[in-house]
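The values are calculated or read from the model by the stated rules, or taken from the named source; none is laboratory data. Since this is a predicted model, take the numbers as computed values, not measurements. Glycine gets a Cβ as well: all are built from the backbone with ideal geometry, and neighbour counts include every protein chain shown.
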């Protein structure tokens, strides 16, 4: 469906849990995380119900996120059920990769179309410093397993910051040797990310050009998101940039988010949206739910103002609570 600015909303990101087995510095505090009680989390059946209604309004793609989605049991069953929803043409997953290798066979059997693996460094000590946990070996095993699945669309997401400057070239080189997209995502000032250093698209690109030579024109297909892609000579895959801070793309935003607690969130910057879980629990009709979803989407804000001072109504939660 179209929002008030004529943007066609076709993409729903569903957070299945706020829980995670890492503690990345820009996402979660090291200690004292207050988890949402399981009773407050949407059931898989409720998520499928909402996805079915969203598909009636034009949503075609669903991405499962967290927290870390693979820490919630039975995720492959959710993938299978979502794949059966009429109108949904793609179900994908964003994961930190820790549990991916062991769960991937079941996910592939359920029909998973693609996986994005979040990884900011290939250095073990640096990985531990950024995530506050061990686990680089497991992530790399998950990446290897994903690349071995011939029909799976594989992307690797890196958040460039002052902590991993020396890893930008090695991470990009993975796209030279493998059939995957390596994307560099500018850190947005949400939650704990507000106080951390960040690197811009141009700063990252300068490093890559110095290492690999000129960036070549590259087809932008292969995804429904805002990524811009470049190719380098001799590369099997592509290098991408998602640059909400320096190359704002709100005018073409096609997505909304459903948090694990059932809040339909229409923009990362703002706390605007609608609580769907209470409506489900009160036995609201599909017509009432469709009206609530349609109204929230239509009112989707025009754009973020991350570069300006914070105002009332800005998002106060950390990313694990929102859905990555």
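Quick notes on this structure:
- Residues of the range 268-275 include at least one that is closer than 21 Å to residue 16 by Cβ, modelled with pLDDT under 95 and touching a helix residue (DSSP H, G or I) at 6+ places or on another chain (Cβ under 6 Å).
- The set of residues in the range 142-163 being surrounded by fewer than 18 Cβ atoms within 10 Å (Cβ to Cβ), assigned to a helix (DSSP H, G or I) and in contact with a helix residue (DSSP H, G or I) (Cβ under 8 Å, 6 or more places away or on another chain) consists of 144 alone.
- Subset of the range 67-79 that is over 14 Å from residue 52 (Cβ atoms) and touching a strand residue (DSSP E or B) at 6+ places or on another chain (Cβ under 9 Å) - its residue that is modelled with the lowest pLDDT: 67
- Filter result for residue 14 (closer than 14 Å to residue 66 by Cα, surrounded by 19 or more Cβ atoms within 10 Å (Cβ to Cβ) and either out of contact with any helix residue (DSSP H, G or I) (no Cβ under 7 Å at 6 or more places or on another chain) or free of Cβ contacts under 8 Å to residues at least 12 places away in the same chain (or both)): no
- Tally, over the range 97-117, of residues that are over 17 Å from residue 14 (Cβ atoms) and assigned to a loop (DSSP other than H, G, I, E, B): 3
- Residue within the range 1-15 that is under 20 Å from residue 98 (Cα atoms) and part of a loop (DSSP other than H, G, I, E, B) present: no
- Residues located in the range 118-141, provided they are closer than 11 Å to residue 96 by Cα and in a helix (DSSP H, G or I): 131, 136, 138, 139, 140
- Scanning the range 107-121 for residues that are surrounded by fewer than 17 Cβ atoms within 10 Å (Cβ to Cβ) and more than 18 Å from residue 64 (Cβ to Cβ) turns up nothing.
- Residue, nearest to residue 84 (Cα to Cα), within the range 27-47, restricted to residues that are buried (at least 20 other Cβ atoms within 10 Å of the Cβ) and at pLDDT 95 or above: 47
- Residues in the range 123-139 that are in contact (Cβ under 8 Å) with a residue 24 or more places away in the chain and surrounded by fewer than 20 Cβ atoms within 10 Å (Cβ to Cβ): 123, 126, 129, 132, 133, 135, 138.
- Of the residues making up the range 249-263, those that are crowded, with 20+ Cβ neighbours inside 10 Å, in contact with a helix residue (DSSP H, G or I) (Cβ under 9 Å, 6 or more places away or on another chain) and touching a residue at least 40 places away in the same chain (Cβ under 8 Å) are 256, 257, 258, 259, 260, 262.
- Listed conditions (1) crowded, with 19+ Cβ neighbours inside 10 Å; (2) modelled with pLDDT of 80 or more are all met by residue 188, apart from (2).
- The single residue among 171, 208 that is farther than 28 Å from residue 31 by Cα, under 22 Å from the mean Cα position of the chain (by Cα), in a helix (DSSP H, G or I) and in contact (Cβ under 8 Å) with a residue 24 or more places away in the chain turns out to be 171.
- Residue in the range 80-94 that is in contact (Cβ under 8 Å) with a residue 40 or more places away in the chain and in a helix (DSSP H, G or I) present: no
- Taking the listed residues 89, 63, the one that is out of contact with any helix residue (DSSP H, G or I) (no Cβ under 9 Å at 6 or more places or on another chain), buried (at least 24 other Cβ atoms within 10 Å of the Cβ) and within 22 Å of residue 254 (Cα to Cα) is 63, with no other qualifying.
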